[in-house]
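Data block below; observations after.
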Amino acid sequence: MDIAFNNGWLFTENFEKGFDGAIEVRLPHTVKELPYNYADPADYQMLCGYKKEFEIAEDINGKRLFLRFDGAAHDAEVYCNGNFVAKHSCGYTAFTAEITDYVIFGGMNEVTVKLDTRESLNIPPFGFVIDYLCYGGLYREVTLEIRNREYIKNVFIENIGTNGVKIKTEASTENAKVKIDIIDSGGICAASAVGADAEINVADAKLWSVDVPNLYTAKVSLVDKVGQILDEKSLRFGFRSAEFKNDGFYLNGEKMKLRGINRHQSYAYVGYAMPKSMQYLDAEILKNELCVNAVRTSHYPQSQHFLDRCDELGILVFTEIPGWQHIGNDDWKKQAVQNTREMVEQYMHHPSIVLWGVRINESQDCDELYEETNKVAHSIDPSRQTSGVRYMEKSHLLEDVYAFNDFSHYGDNAGLRAKKDIT
């Protein structure tokens, strides 16, 4: 059972002074509404706090309880009834905090989030100059997940060819059966399989493309020995192949030209804090008004809602880890690798995503770091190619696709430098 956990939060701009005088807010929330012009990044940098009281019914005792934070910018510590539960140091990927052992069943509870939005943090993208505003807040939704003791932790979907997928299920127990049903858009079961690691083929699968974005649902069930369903998880995906070759990009074996833009997830006044409806609208503007077929989520993973709509509309996506030119110390690099892991694990079911960006945008070469980020991405999702955007020539190629920001066009010249001069 998933319960929306967005209403009734208290917010304070100064966590150390407590919640006296705190204001009630609803998520998604930004820590500071900014003026339309001349916004000052210092205004949203603070050590702030969120608090919410909630009741847990007595009959829930025996279940496991989790809080899923879809976006907490930028360094979050979660407490339940005064007990430290979890810490997460990336404002652009989701994380889950288990509160089972700390809640009072049949009574009132309190969850508190200590949120550091300062740009002095030793985590990506911070450490030097950034050319975009990194707004703070619990700016995406929060969900209370109620699970049985035996539950599904993760489901990973990997495309193999144009009619097959590999589905890997991670569960909290090995003493239960994993059953997988592939459901088409009409609700018909197209194929089934049993096993935590299953390869499933649908001979007559309807392909996902930019013109006809056919979607399927993988319904994964955890079943005990007597056939009782302990937990279920459903993820949408599409049957498709996507590959960059020396002569261009191929979708389902057909060469196509990419026309796209970079997209930031920020809005006037409220920064990052926009709900599902606005995330959907942005994708619709890209497809129907700007008529592009591709988007780069610069320079960080963006809302699952936005990616869901790209899946539905047929927009190709190049998504990348947080960063802007700067590479920090060893702790910073470890977080960049962790960001890569979380990005791939959380987004790999989206058929719209065709490239993983595993370099810090426009950074210098750092072979040790980028060998690791490539390794992590390929180990989790062998089906997709990796890339990373540069602004310098002759950069080391550790990824599958060489990406370069070509700023050579000034309006009166041909533009686009020759590949031999860049690589």
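The values are calculated or read from the model by the stated rules, or taken from the named source; none is laboratory data. Model, not experiment: these values are computed from the prediction. FYI the Cβ positions are ideal-geometry reconstructions off the backbone, even for glycines, and counts take in every protein chain you see. Each accessible area value is taken on the protein alone, full model and side chains, heavy atoms only, with ligands, DNA and RNA left out. Shrake-Rupley method; radii C 1.70, N 1.55, O 1.52, S 1.80 Å.
If you go through the stretch 82-112, how many residues are closer than 20 Å to His29 by Cα, of a type in the set (A, V, I, L, M, F, W, C) and out of contact with any Cys (no Cβ under 9 Å at 6 or more places or on another chain)?
Here is the first cut: in the stretch 82-112, the residues closer than 20 Å to His29 by Cα are 87-97, 110-112.
Then keep just the ones that are of a type in the set (A, V, I, L, M, F, W, C); that gives 90, 94-95, 97, 111.
With the extra rule that they be out of contact with any Cys (no Cβ under 9 Å at 6 or more places or on another chain), the set shrinks to 90, 94-95.
Number of matching residues: 3.
As an exercise: evaluate Arg259 against (1) open to solvent by less than 20 Å² (accessible area, probe 1.4 Å); (2) farther than 19 Å from His350 by Cβ; (3) among the basic types (Lys, Arg) and give the number of the one condition it does not meet.
For Arg259, the exception is condition (1).
Picking from Ile261, Ile152, Ile183, Ile200, which residue would you name as being farther than 17 Å from Arg384 by Cβ, in contact (Cβ under 8 Å) with a residue 12 or more places away in the chain and touching a Cys at 6+ places or on another chain (Cβ under 8 Å)?
After ruling out the rest, the residue left standing is Ile183.
Give the stretch 219-248 a look and list any residue that's within 23 Å of Leu355 (Cα to Cα), out of contact with any Ser or Thr (no Cβ under 7 Å at 6 or more places or on another chain) and small (Gly, Ala, Ser), or say none.
Of everything in the stretch 219-248, those that are within 23 Å of Leu355 (Cα to Cα), out of contact with any Ser or Thr (no Cβ under 7 Å at 6 or more places or on another chain) and small (Gly, Ala, Ser) turn out to be Gly238, Ala242, Gly248.
Inside the stretch 367-388, can you point out the residues that are out of contact with any Asp or Glu (no Cβ under 7 Å at 6 or more places or on another chain) and either open to solvent by less than 50 Å² (accessible area, probe 1.4 Å) or among the β-branched types (Val, Ile, Thr) (or both)? Walk me through how you get there before you give the answer.
Taking the stretch 367-388 and keeping what is out of contact with any Asp or Glu (no Cβ under 7 Å at 6 or more places or on another chain), we get 367-373, 375-379, 384.
Leu369, Tyr370, Thr373, Val376, Ala377, Arg384 - these are the residues of the stretch 367-388 that are out of contact with any Asp or Glu (no Cβ under 7 Å at 6 or more places or on another chain) and either open to solvent by less than 50 Å² (accessible area, probe 1.4 Å) or among the β-branched types (Val, Ile, Thr) (or both).
Considering each of Asn339, Asn413, Asn405 in turn, give the residue that is among the polar types (S, T, N, Q) and modelled with pLDDT of 95 or more.
Details: Asn413 fails: modelled with pLDDT of 95 or more; Asn405 fails: modelled with pLDDT of 95 or more.
That would be Asn339, the only listed residue that is among the polar types (S, T, N, Q) and modelled with pLDDT of 95 or more.
Kindly indicate the residue of the stretch 123-134 that is in contact with a strand residue (DSSP E or B) (Cβ under 9 Å, 6 or more places away or on another chain) and surrounded by 18 or more Cβ atoms within 10 Å (Cβ to Cβ) and also nearest to Asp231 (Cα to Cα) among those meeting that condition.
If we take residues in the stretch 123-134 being in contact with a strand residue (DSSP E or B) (Cβ under 9 Å, 6 or more places away or on another chain) and surrounded by 18 or more Cβ atoms within 10 Å (Cβ to Cβ), then Ile123 is nearest to Asp231 (Cα to Cα).
Could you say whether any residue in the stretch 158-165 is on the phi < 0 side of the Ramachandran plot, in a strand (DSSP E or B), open to solvent by 20 Å² or more (accessible area, probe 1.4 Å) and in contact with a Leu (Cβ under 8 Å, 6 or more places away or on another chain)?
Among the residues of the stretch 158-165, not one is on the phi < 0 side of the Ramachandran plot, in a strand (DSSP E or B), open to solvent by 20 Å² or more (accessible area, probe 1.4 Å) and in contact with a Leu (Cβ under 8 Å, 6 or more places away or on another chain), which makes the answer no.
Could you pull out every one of the strands (runs of 3 or more DSSP E) wholly within the stretch 1-88 that has 1 or more residues that are open to solvent by 10 Å² or more (accessible area, probe 1.4 Å) and more than 23 Å from Asp101 (Cβ to Cβ)?
Counting at least 1 such residues, we get 2-4, 9-12, 23-25, 47-56, 75-80.
Being free of Cβ contacts under 8 Å to residues at least 40 places away in the same chain, in contact with a Gly (Cβ under 7 Å, 6 or more places away or on another chain) and open to solvent by 30 Å² or more (accessible area, probe 1.4 Å): is that true of Lys245 here?
Answer is no for this residue.
Name the pairs whose Cβ atoms lie under 6 Å apart, with the first residue in the stretch 401-423 and in contact (Cβ under 8 Å) with a residue 24 or more places away in the chain, the second open to solvent by 70 Å² or more (accessible area, probe 1.4 Å), and 6 or more positions between them or separate chains?
Pairs that qualify, where the first residue is in contact (Cβ under 8 Å) with a residue 24 or more places away in the chain and the partner is open to solvent by 70 Å² or more (accessible area, probe 1.4 Å), are Asn405/Tyr391; Ile422/Glu393.
Quick one: Gly137 ticks every box in (1) open to solvent by less than 40 Å² (accessible area, probe 1.4 Å); (2) within 19 Å of Gly328 (Cα to Cα) bar one, so which box is it?
(2)
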